[in-house]
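Reviewing the structure listed below.
The values are calculated or read from the model by the stated rules, or taken from the named source; none is laboratory data. Small disclaimer: the values here were computed from a predicted structure and weren't measured. All Cβ positions, even for glycine, are placed from backbone atoms using ideal geometry, and neighbour counts span all protein chains on display.
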Amino acid sequence: MRLQKRILPHLFAIIFFSLGISLNSHAADYYVSPTGSDSNPGTIGAPFKTIQKAADVVDAGSVVHVAPGTYIGIIRTTRNGTATKRIRFISDVKWGANCIPPAGNDADIFWENTGDYVDIDGFEMDGTGNPWFRLGLVQYGGYGRLCNNHIHHFYGTSTNGRNGNGGAGILSTGTSYADTRPNEVFNNVIHHIGDLFYKHVTYLQNHQHGIYISNPNCRVYNNIVYANEAYGIHLYHNPLSATVANNLCFQNGAGGFYFYLGDSNTIVVNNISYDNPRVNPSSDVSTSGYNTNTPKNNPLHDGSTNIIFLNNLSFHNGGSNSNANASIVADPGFIKYMADGTGDYHLAAGSIAIDKGTPAHAPSFDMNGRKRPQGAGYDIGPYEK
């Protein structure tokens, strides 16, 4: 009997090992609620009060469930997941977890992620109450998925924002511009980043954008980006081999999309640039639907190929190059276009954008999660008819 007591635990350990099951492999799910306490264990019955507390205790494979409500305070997520055990921060109700910056001006980056294999999914990030913040969500880590978020009203009146360092609703930059770890930015709605009338900007060459990509291998798709200070989606510095697909940009101050011609192997497909710019910016900012700029002497760029534009639509954009790099120049035919973001930006029956997209490099689903394609071909824009 004593022999059995000694052998059985080892036997079970051998069985679990042979099946690829770790006795300690289960990563905890954590729960956050405005009615919780950070002295709680973070369980569903005794949740944490802040997202930051959960961020401090997660391990690879952990899921952080955030209940609807208001959460005040900057967020720093630093822990790493793995390719098979991602760390996921999820608003249990899409846009139900309303995250807002604190009072004061000690920082101007709201949510900063330095971890690898991290998902930030479904949050509202609202900078209305503190105009100091210039960056909503910043991705310094790699293999991240920043998705389904609503990020808005980060005005960027901080010293950095005023003095030319720019800003964005979402920024992917890695640890440096040469960081080749990819990130994905998809299914987000981003608006009112920066000041549409440039009241606080000192150096006009560095504005604030909806989405800003500055490191290689990133994918940006199925986003709606509007009413931002400069460009809706802006690629600069070293965004080599990027994919920008099925996005909609409208009513942005300088233009819908901006690309740096040295961004080798970048693919731009199935996007809609409509009704940009909202205002006529300073002459040092080019305006167009799909603006490109001649590369400068930058050793990070290999110069092998430049940008490929396929099946993009442009219409009613300001600037002398308003229709450059567009395959289709026509009204996209939304169900209900409203410049203030309250419209219905699905394609109406008979839209010229229906079935006119390319499957090359396009996402396999749309902003609503519907499979692409639904008809004879892929649609242009964030929604599949």
Worksheet item: Mind checking whether some residue in the range 330-340 is in a loop (DSSP other than H, G, I, E, B), over 24 Å from residue 227 (Cβ atoms) and touching a residue at least 12 places away in the same chain (Cβ under 8 Å)?
Response: no
Worksheet entry | Unmet criterion (only one of (1) at pLDDT 95 or above; (2) surrounded by 15 or more Cβ atoms within 10 Å (Cβ to Cβ)) for residue 27 | (1)
Worksheet item: Residues in the range 369-385 that are in a loop (DSSP other than H, G, I, E, B), in contact with an Asp or Glu (Cβ under 8 Å, 6 or more places away or on another chain), in contact (Cβ under 8 Å) with a residue 12 or more places away in the chain and of a type outside the set (Phe, Trp, Tyr): how many?
Response: 10
Worksheet item: Quick one: how many residues across the range 228-252 are part of a strand (DSSP E or B) and touching a Lys or Arg at 6+ places or on another chain (Cβ under 6 Å)?
Response: 1
Worksheet item: What do you reckon, is residue 42 in a loop (DSSP other than H, G, I, E, B), touching a strand residue (DSSP E or B) at 6+ places or on another chain (Cβ under 6 Å), surrounded by 15 or more Cβ atoms within 10 Å (Cβ to Cβ) and at pLDDT 95 or above?
Response: yes
Worksheet item: residue 88: farther than 21 Å from residue 224 by Cβ, of a type in the set (Lys, Arg), in a loop (DSSP other than H, G, I, E, B) and modelled with pLDDT of 95 or more, yes or no?
Response: no
Worksheet, complete the sentence: Checked the range 260-289 for anything outside any loop (DSSP other than H, G, I, E, B) and either surrounded by fewer than 22 Cβ atoms within 10 Å (Cβ to Cβ) or modelled with pLDDT of 70 or more (or both); matches are 260, 267, 268, 269, 272, 273, 274, 289
Worksheet item: Could we say that residue 81 is more than 21 Å from residue 136 (Cβ to Cβ), surrounded by 21 or more Cβ atoms within 10 Å (Cβ to Cβ) and touching a helix residue (DSSP H, G or I) at 6+ places or on another chain (Cβ under 8 Å) here?
Response: no
Fill in: Members of the range 108-127 that are within 11 Å of residue 139 (Cα to Cα), of a type outside the set (Val, Ile, Thr) and within 14 Å of the chain's Cα centre (by Cα)
111, 112, 113, 119
Discussion item. Can you report the number of residues in the range 68-100 which are at positive phi and more than 17 Å from the chain's Cα centre (by Cα)?
Written reply: 2
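So that you can scan it fast, the table gives a plain yes or no per residue for (1) modelled with pLDDT of 85 or more; (2) out of contact with any Ser or Thr (no Cβ under 8 Å at 6 or more places or on another chain); (3) among the aromatic types (Phe, Trp, Tyr):
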residue	(1), (2), (3)
291	no, yes, no
298	no, yes, no
307	yes, no, no
320	no, no, no
324	no, no, no
Discussion item. Restricting to the range 154-181, name every residue that is closer than 18 Å to residue 120 by Cβ, in contact with a Lys or Arg (Cβ under 7 Å, 6 or more places away or on another chain) and assigned to a loop (DSSP other than H, G, I, E, B).
Written reply: 174
Worksheet, complete the sentence: Residues of the range 309-329 being in a strand (DSSP E or B) and either farther than 25 Å from residue 376 by Cα or free of Cβ contacts under 8 Å to residues at least 24 places away in the same chain (or both), in sequence order, are 321, 329
Item to complete: Among what's in the range 192-214 and is among the β-branched types (Val, Ile, Thr) and at pLDDT below 85, pick the residue that is nearest to residue 234 (Cα to Cα).
Response: 201
Worksheet entry | Sole residue being assigned to a strand (DSSP E or B) and either surrounded by fewer than 17 Cβ atoms within 10 Å (Cβ to Cβ) or among the polar types (S, T, N, Q) (or both), chosen from 105, 98 | 98
Practice prompt. Would you mind telling me which numbered condition in (1) touching a residue at least 40 places away in the same chain (Cβ under 8 Å); (2) on the phi < 0 side of the Ramachandran plot; (3) buried (at least 20 other Cβ atoms within 10 Å of the Cβ) residue 194 fails?
Written response: (2)
Worksheet item: Got a number for residues in the range 103-134 being closer than 15 Å to residue 183 by Cβ and touching a strand residue (DSSP E or B) at 6+ places or on another chain (Cβ under 6 Å)?
Response: 8
